[in-house]
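Each remark here refers to the structure printed beneath this line.
The values are calculated or read from the model by the stated rules, or taken from the named source; none is laboratory data. Small disclaimer: the values here were computed from a predicted structure and weren't measured. Positions of Cβ are generated from backbone atoms using ideal geometry, with glycine treated the same way; all protein chains shown enter the neighbour counts.
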Amino acid sequence: MPPKTSKKFATAFRATPSAKSPEPSPAPLRAAASDTLVRIDLDRQRLDLYVDGRVCGTWPVSTAANGPGEQEGSECTPRGEHVIRAKIGAGAAPGSVFVGRRLTGERYTPELGAEYPGRDWILTRILWLSGTEPGRNRLGRVDTMRRYIYIHGCPDDVDMTVPGSHGCIRMRNDDLIDLFDRVEAGARVVIEAHVLGQSAPERILGSRLARSE
């Protein structure tokens, strides 16, 4: 089945072992015209999903062991405004292994992990991110998409809430499936560090986010 295009600059891919690795072009991007926001708090190691200005999901994550940063080769998690550039893996079984955004036909087990102890496991689903701020997280040596920064699943024994990735945002597999099914390609993603107080979500969404006291 050919990939479906759900937004002008955002593509959803159904994972099949024989499918070509998707390589979206770096054409100008814009966030989808929706009321959905994914907010990733690097300090709290937490991902919040907002719909119509209200939190409708909260999950623990594990971001880069090297902390926040945008430079190519830094293995840091980029900050700022992003969109979900592509959804990859719809229908794949939990624990399915991806390499280069393609299914390998493997499913993760502790035995497989022991066989390949140095492998950076990308499991279950992929939400491929693209920056929308030229010079900060888009184009040149700070391009989030070309750095292959994803929200993706990981082995169950990975310690959530503790930074440990090579730049991506790791989630528990069941949590990722839940998030994947609730968001569309093109949805806004904001990644922030040093967020203080409850005013940060209001600053992200502006007047469209109501206070939730």
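Here Gly131 does not fit the description of being at pLDDT below 95 and of a type outside the set (Asp, Glu). Looking only at the stretch 78-86, decide whether some residue is part of a loop (DSSP other than H, G, I, E, B), at pLDDT 95 or above and more than 15 Å from Leu179 (Cβ to Cβ). Yes, the stretch 78-86 has at least one match. Taking every residue in the stretch 93-113 that is on the phi > 0 side of the Ramachandran plot and in contact (Cβ under 8 Å) with a residue 24 or more places away in the chain and pairing it with any residue that is assigned to a loop (DSSP other than H, G, I, E, B) and among the aromatic types (Phe, Trp, Tyr), at least 6 positions away or on another chain, the pairs with Cβ-Cβ distances below 7 Å are Gly95/Tyr108. Contact annotation: residue pairs with Cβ atoms under 9 Å, 6 or more positions apart or on different chains, pairing a residue in the stretch 180-195 that is within 16 Å of Arg125 (Cα to Cα) with a partner that is assigned to a loop (DSSP other than H, G, I, E, B) and modelled with pLDDT of 95 or more, are Phe180/Gly89; Phe180/Ala90; Asp181/Ala90.
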